[in-house]
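Throughout, read-outs are computed from the coordinates displayed, never taken from laboratory work. Every value quoted in this text rests on a predicted model; they were computed, and no experiment measured them. Using ideal geometry, Cβ is built from the backbone for each residue, glycine included, and neighbour counts are taken over all protein chains shown.
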Amino acid sequence: MTPEELDEIAESERAAQSQFTQRANVCVAAGCLSCQSQSVKDALDQEVSRRGIKDHCQIRGVGCMGLCAEGPLVSTSSGVLYQKVQAADGAAILDSLGGQPVSRLVCPTDVPFFQRQKKIVLENSGVIDPERMEDYIAADGYAALIKALTEMTPREVIDQITKSGLRGRGGAGYPTGLKWSTVSKSVGTKKYVICNADEGDPGAFMDRSVLESDPHRVLEGMLIAAYAVGASEGFVYVRAEYPLAVKRLRTAIRQAERVGLLGSDICGTRFSFRVDARLGAGAFVCGEETALIASVEGKRGTPRPRPPYPAMEGLFGEPTLINNVETLANVPPIIRKGGEWYAQIGTEKSKGTKVFALAGRVQNTGLVEVPMGISLREMVFEIGGGVPEGRKFKAVQTGGPSGGCLPSNCLDMPVDYESLAKAGSIMGSGGMIVMDESSCMVDVAKYFMDFCMTESCGKCIPCRVGTYQMHRILTAIGNMSATQQDLKMLEELCDLLKHTSLCGLGQSAPNPVVSTLRSFAEEYRAHVEEHKCPAGVCNAQLAGETA
């Protein structure tokens, strides 16, 4: 594959696409597929064949369009987005391509959910066919790789990533340029790049959606990273519970290998790189770097003390670069447009955009990409459309089981790494769960502690025993049988886990408890002192157990 050949593929695909005067794109990502979007696409295909209009009307399966709550979603070449489409609507949608929209199906796109987004990672999601490499190439795909290999040195690539201010989107927010620079300087007989797609936070589906909707973008990011740090082999560590993402990833790998964008002497240069997929069994702890490495090596996924860090001694004892899906998906546009372009977006210390999975008690659930620094209020009440059924907002939980529950007085804070950490939460991978007045914060804390207790690998005592004891106390509080001494012990255990656990799972497991103890202390007191649950959740559970 030469730069000229890549241009030829792009021009040929664009010319082929221009022949279609009418088009309907059907979302075939996991969310809409669960609502039978494949039957919608099949119905549209059959109707096009019946009408004999295949030469100028294209029906295409595309990735996630974002508003998962209203799926199946269909977009048309006339700029109309349809929601909750059924197979029986196929004929009406085709009729509308040259005339008036089907009003009962129209999804308004002039609302904040769509207008407030700035898509960089998701720029191709819902636009291209994720199973056709030609679609990706026609959308400037692999142009950044060609530019890096033919016009830039590895040091210049790293400099652009550093200038961009990109930070790891897996949760820790470590400067990406600094990590790349460390790996590039490390000495080893071989270097590796690992894409961490082990997305384990409850309510999070960002990485899954990117792999389902734009897998070549992640591969291109890995290729550029490998060139920059001097790696020759890579792995995508993806959860086995994501069968569609795994299927499309493997398809993308085969396609890239077929045209010489993966393999030996890529683009006529001396750079060679190979990628393979590794399936994780769903252990939350394998999101931690050293546990992930152990799993890729075929060992039990448990963390080890650091240092040495993976950048110096990682996979098979060699220097290893680990970035998550969203981090790598940001790389191609940064190389195409320059680090300074990316650095203009976001805040002073948190650059660029962030993809969030909005879930819970919010009107518009789905996938959104917004500039760093947007407020929680804008996320929940403008983009999210507010709390449904006229209920009151109570809290928003960011960062998954490792994050904190933020009350209403935090709504006007900006969403960036520093602000969330100061408020007692974390960015995490991007899960954002909204809760209303019907949620009991003690029950919420117990839910997340149950998750952490179950997912603890058991290697270190503070996490293995501490999460169990914290869950036991939270259960007692919910059962109205806890004492003030139990509350004191709960606080002490939070401090113990945070400062003595081996890895990030145990260190951050107390966050939901600490944040709810601080912001919703009156609910804990009501359970302990008055033996009642203000939200009525624990009372109902207790009554059910008694019955």
Inset, instruction - May I ask you to order 90-97, 454-461 by the average number of other C-beta atoms within 10 Å around their residues, highest value first? - result: 90-97, 454-461
Inset, instruction - Please list, or write none, the aspartates and glutamates whose alpha carbon is within less than 15 Å of the alpha carbon of Lys299, excluding same-chain residues fewer than 8 places away. - result: Glu288, Glu289
Legend entry - Top positive-direction residue, dipole computed over the chain with Cβ charges, set Phe235, Leu81, Ile146: Phe235
Legend entry - DSSP-defined antiparallel bridges as percent of all bridges, the chain, nearest 5: 45 percent
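Please work out whether region 291-383 counts as rounded, prolate or oblate from its C-alpha gyration tensor, where a ≥ b ≥ c are the square roots of the eigenvalues and a/c under 1.5 means rounded, while otherwise a/b larger than b/c means prolate and anything else oblate?
Working: a/c = 2.80, a/b = 1.61, b/c = 1.74.
Verdict is oblate for region 291-383.
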Inset, instruction - For region 6-17, take each phi angle, set θ = phi - 60°, evaluate the Karplus expression 6.51 cos²θ - 1.76 cosθ + 1.60, and give the result in whole Hz per residue in order, putting x for glycine and proline. - result: 4, 4, 5, 4, 4, 5, 5, 5, 4, 5, 5, 5
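So for each of 29-35, 9-15, 155-161 I average, over its residues, the number of other beta carbons within 10 Å; can you give me the resulting order with the highest mean first?
Sorting 29-35, 9-15, 155-161 by mean packing, highest first, produces 29-35, 155-161, 9-15.
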Inset, instruction - Could you pull out every one of the aspartates and glutamates with an alpha carbon less than 12 Å from that of Lys349, ignoring same-chain neighbours closer than 8 positions? - result: Asp416, Glu418
Legend entry - Dimensionless Rg/Rh of region 20-109 - Kirkwood Rh, Rg from C-alpha atoms: 0.92
Legend entry - Counting DSSP beta bridges with both ends in region 218-353, the antiparallel % (nearest 5): 20 percent
Inset, instruction - Can you tell me the 0 to 90 degree angle between the C-alpha axis of helix 215-229 and the longest principal axis of the chain, rounded to 10? - result: 90 degrees
Inset, instruction - Treat every Asp and Glu Cβ in the chain as -1 and every Lys and Arg Cβ as +1, leave all other atoms uncharged, and give the resulting dipole magnitude about the Cα centre to the nearest 20 debye. - result: 680 debye
Inset, instruction - Pull up the cross-link candidates among the aspartates and glutamates for Lys532, meaning alpha carbon to alpha carbon under 19 Å and not fewer than 8 places away within one chain. - result: Asp436, Glu437, Asp443, Asp486, Glu522, Glu523, Glu545
Legend entry - Residue list for region 316-334, given a label point 7 angstrom along the Cα-to-Cβ vector of Tyr174 and an amide N cut-off under 11 Å: 320-324
Legend entry - By average C-beta atoms within 10 angstrom, highest first, the peptides 316-325, 181-190: 316-325, 181-190
Inset, instruction - Only helical DSSP H runs with n ≥ 4 go in: add -39500 (n - 2.57) per run for the chain, normalise by residue count and round the 222 nm mean residue ellipticity to 500 deg cm²/dmol. - result: -13000 deg cm²/dmol
Inset, instruction - Kindly identify region 313-352 as rounded, prolate or oblate by the Cα gyration tensor criterion: order the square roots of the eigenvalues as a ≥ b ≥ c, call it rounded if a/c is under 1.5, otherwise compare a/b with b/c, prolate if a/b is larger, else oblate. - result: prolate
Inset, instruction - Using only the Cα atoms, work out Rg/Rh for region 140-343, with Rh taken as the Kirkwood radius, to two decimals. - result: 0.93
